[in-house]
Amino acid sequence: MWTEKYRPRTLDEIVNQEEIVSRLKSFVKTKNVPHCIFAGPPGTGKTTAALCLAHDLYGENYREYIMELNASDERGINVVRETVKTFARTKPMGEVTFKILILDEADNMTEDAQQALRRTMERYSETARFILIANYSGKIIEPIQSRCAPFRFTYLPREEVIERIRYICERENVKILDDGIEAILEISEGDLRKTVNILQTAASLGKPIDDDVVYSVVGRANPYDVREMMLMALNGDFIAARSKLKELTQKYGLSGIDIIRQIHNEVFKLNVPDKWKVKLADIAGEVDYRLIQGATDEVQLSAMLAKLVEAGYEIKRGL
Amino acid sequence: MPSRTAFIPWIRKYKPKSLSEVVGNEEAKRKILEWIRSWEKGAPEKRAIFIYGPPGVGKTAAVEALANDLNMEVIESDASTYRTEEAVKRFAGRASQYGSLFGMKKLIVFDELDGITGSADHGGLREITEIVKNSRVPVILIANDAYDPRFTVLRNHCLLIEFKKVSKSEVMRHLAKICAKEGINADEAALKFIAERSGGDVRSAVMDLQALAQDKARLTYEDVAWLAPRDRKEEIFNVLRMIFYAKDASNAKTAINMADVDLDMLFEWIYENIPYHIRNPHELANAMDMLAKADIYRRRVKETQDWTFLRYVIDLMTAGVALSWSRKSAGWTPFRFPERIKKASISKEERALLSEISRRIGRKCHLSSSRAVREVLPYLRVIFQSNQKMTRGIARWLDLTDEMVAYISEEQ
């Protein structure tokens, strides 16, 4: 897949996030890395930066010195107590005296696990350094934050994304039109992973990529748009919105928590009065909490949709 | 083509005419045949067989089919007739001695023997035992439980033949045969559901099938799924009506006592029907909110295993929903079957496959499984549908099996 094929291998290959890269390079030079937090929106190069750092530090066989854990998949306290500890406690062979543990989506770790992690980080800092990757550093508990060097990743500038698109198209021998590029930029919103995924999907149709091609593949790829479901509800069609919801959970296997978090992401992008955005965020928060407590996904999410119906109705009446 | 024939119970219409047509119980059928054939060489040691087994598995049907096969005249008594010593003697005594001398061969059948009572049928069992001992014609006894202490003496003079519950697949095959004859295009899942629910009782399965499928050209899983094990449609409709259109809070609450309806099932019905009855946006939001709260208490019941919390579930899902709306927006709307019951739309195997796929994508693309499903899988689907060369490369790189590739490429 192109996301991997064109993922930079070394820090030198990373053309953007210059400030971050130069700090990371200085770590390589001194052969010392502090615990780090890489925070920032999706698709801005956090994981890539961590992998490149490891590559430059350890050389081609860097995989032997690192461990990559995804906290969303393995977020319990037991993982920290067992897997992480086992990895962290032994010293690696070679020039560099520590290993690196990359903890992706660390903001999805439970608080208990984070507390356990804090101790582990301290105790084994001789033999292991941690890179925590998160969308929001705010979800990482304070004691961990204070032990880490913070790095803030930001969306890539437009020009650099365009450059990347052109570079890939050239290498892959794909013809892309200006309006095709524009369409990709608009949909991917600065997320480079999404950009490249859309690009490859569009290229798979085997014809020059214009905006029509882009919109059609994106439409086909996202039949389960959460946003669409929300708009149905706002327009007053609760029954259609609920059917959409069923489709999301049953056919596409999305969990209730996935959906409510996507709903929350969309709330502030909706074309509704600010007062309602806040109200809806509040409701989303309550639903999220209930789902974590183990309530029934569909029932709780439907109640949220009914609130959207109510919101749409009131907004129409100018309330 | 839907059949428009007058209402004939299918259980009668498709009654087996020959023993070989009786569904299942092959061994029992073989034993019956063996025993009846042994009469050709004079009365065998056991003059009677005692057929026993649960309801609806074809005991009586087998005997009737047998008589039909061999062109025998059946002399039958069931629970609807008196079976005192006198009555039994009058009914079967002579027949058991002289029956086979002239004309048709005779077969004496005592059906529903469990129904024989000590007082009203005084002396009946003893007389039946006498007949069994000395009969010159074959005697067949039928009951659910041959091991009832009342039958101890009688049993010793009989060859016991057990009818077992009919297997699900045999019930299904039978239902499929009926559907074919009725011109109904039935989903396998629908027949499976009916068969499962029947618990090996062919009679009830056929009756259910008729209730659900008569005059239909097509029978889908959705058509049958609303039949919970215990609940009946009419009962549920009444309860729903009482809840949605209750006069006041306590009225709505009492609805729940009106019928033996499973609470989780009723919850689904209410959930399904709210938007069809409550259309005002404020009221809809209120009603759904009530139900969502009921759901939380439901969860608490499970969590604490303290069933006293159930009272709050009931309060919120009945009175809570009833009072959340003014009933102004209602016209007459029929109630709908809950859709959520058909949860099976993504099967366990499918779920396992999906999670393995997302794990493999996640591993290679440095993503969590849930992000892989959300952010990569949708694009892979389009690629797999449009570009074979790219698909092969990606599948090899991600280490996807053919089954996985096929699953991903599937049009959703």
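Of note:
- With respect to chain B, whose longest principal axis is taken over its alpha-carbon atoms, helix B:263-277 is tilted by about 60°.
- Among the listed pairs B:K192/B:K247; B:K106/B:K192; A:K99/B:K364, those whose Cα-Cα separation exceeds 30 Å are B:K192/B:K247; B:K106/B:K192.
- Net charge in the neighbourhood of B:K253 (other residues with Cβ under 15 Å of its Cβ; Lys, Arg +1, Asp, Glu -1) is +1.
- Three-way shape call for chain A based on the alpha-carbon gyration tensor, with the a/c threshold at 1.5: oblate
- Within chain B, all pairs of alpha-carbon atoms sorted by distance into 20 Å bins from zero give the percentages 20, 34, 32, 13, 1.
- Proportion of all alpha-carbon pairs of segment A:223-316 beyond 23 Å (%): 13
- Neighbour-count ranking [beta-carbon atoms within 10 angstrom, fewest first] of A:E111, B:E73: A:E111, B:E73
- Size of the protein assembly as shown: Rg and Dmax of its alpha carbons, in Å, are 35.8, 115.
- Set A:K246/B:K177; A:K139/A:K269; B:K59/B:K168; A:K269/B:K293 screened for pairs whose C-alpha atoms are more than 26 Å apart: A:K246/B:K177; A:K269/B:K293
- Here's the list of aspartates and glutamates a cross-link from B:K31 could span, going by alpha-carbon distance under 13 Å and ignoring same-chain residues fewer than 8 apart: B:E162.
- Segment B:343-408 - percent relative contact order, Cα under 8 Å, separation 6 or more: 29
- Shielding value for A:291-303 is 5, the average number of Cβ atoms from other chains within 10 Å of each residue's Cβ.
- Other residues within the sphere of radius under 14 Å centred on the Cβ of B:N156, judged by their own Cβ, net out at +3 (K and R +1, D and E -1).
- Unit charges on C-beta of K, R, D, E only; dipole of segment A:2-152, Debye: 400
- Candidate cross-link partners of B:K302 among the aspartates and glutamates, defined by an alpha-carbon separation under 16 Å and a same-chain spacing of 8 or more, comprise A:D297, B:D262, B:D264.
- Restraint check, B:K15/B:K165; B:K216/B:K253; A:K5/A:K244; A:K194/A:K279; A:K307/B:K253; A:K29/A:K194, Cα-Cα greater than 27 Å: B:K216/B:K253; A:K5/A:K244; A:K194/A:K279; A:K29/A:K194
- Reachable lysines, given that their alpha-carbon falls under 16 Å from the alpha-carbon of B:K105 and they are not under 8 places away in the same chain: B:K41
- With both labels modelled 7 Å from their Cα along Cα-to-Cβ, the B:K181 to B:E196 distance reads 2.7 nm.
- Mean-position separation - Cα centroids, segment A:27-45 and segment B:161-228, in angstrom: 63
- Inter-chain Cβ neighbour average for residues A:99-109, partner chain, 10 Å: 1
- Value of D in µm² per second that Stokes-Einstein yields for segment B:253-333, Kirkwood Rh from Cα pairs, at 20 °C (1.002 mPa s): 164
- Gyration tensor verdict on segment A:102-159 (Cα atoms; rounded if a/c is under 1.5, prolate if a/b is larger than b/c, oblate otherwise): prolate
- Taking other Cβ atoms within 10 Å as a rough exposure proxy, A:I100, A:I315, B:I178 sort from fewest to most as A:I315, B:I178, A:I100.
- Other protein chain Cβ atoms within 10 Å, averaged over every residue that makes up A:197-205: 6
- Helix B:124-134 and the longest principal axis of the C-alpha atoms of chain B enclose an angle of approximately 60°.
- Note on B:E112, B:E375, B:E222, B:E188: ascending count of other Cβ atoms within 10 Å places them as B:E188, B:E222, B:E112, B:E375, the fewest first.
- Normalised by 2.2 N^0.38 Å, where N is the number of residues, the C-alpha radius of gyration of segment A:2-152 stands at 0.97.
- The simple spin-label model puts a point 7 Å past each Cα toward its Cβ; for A:I315 and B:N144 those points are separated by 6.1 nm.
- Here's the picture: charge each Lys and Arg Cβ at +1 and each Asp and Glu Cβ at -1 in the protein assembly as shown, and of B:Y379, B:L212, A:L117 the one pushed furthest to the positive end of that dipole is B:L212.
- Degrees, to the nearest 10: A:18-30 long Cα axis against longest axis of chain A: 30
FYI, it's all coordinate maths here, none of it is from the lab. In this text, all values refer to a predicted model and were calculated from it rather than measured experimentally. With ideal geometry, Cβ positions are generated from the backbone for all residues, glycine too; neighbour counts draw on all protein chains shown.
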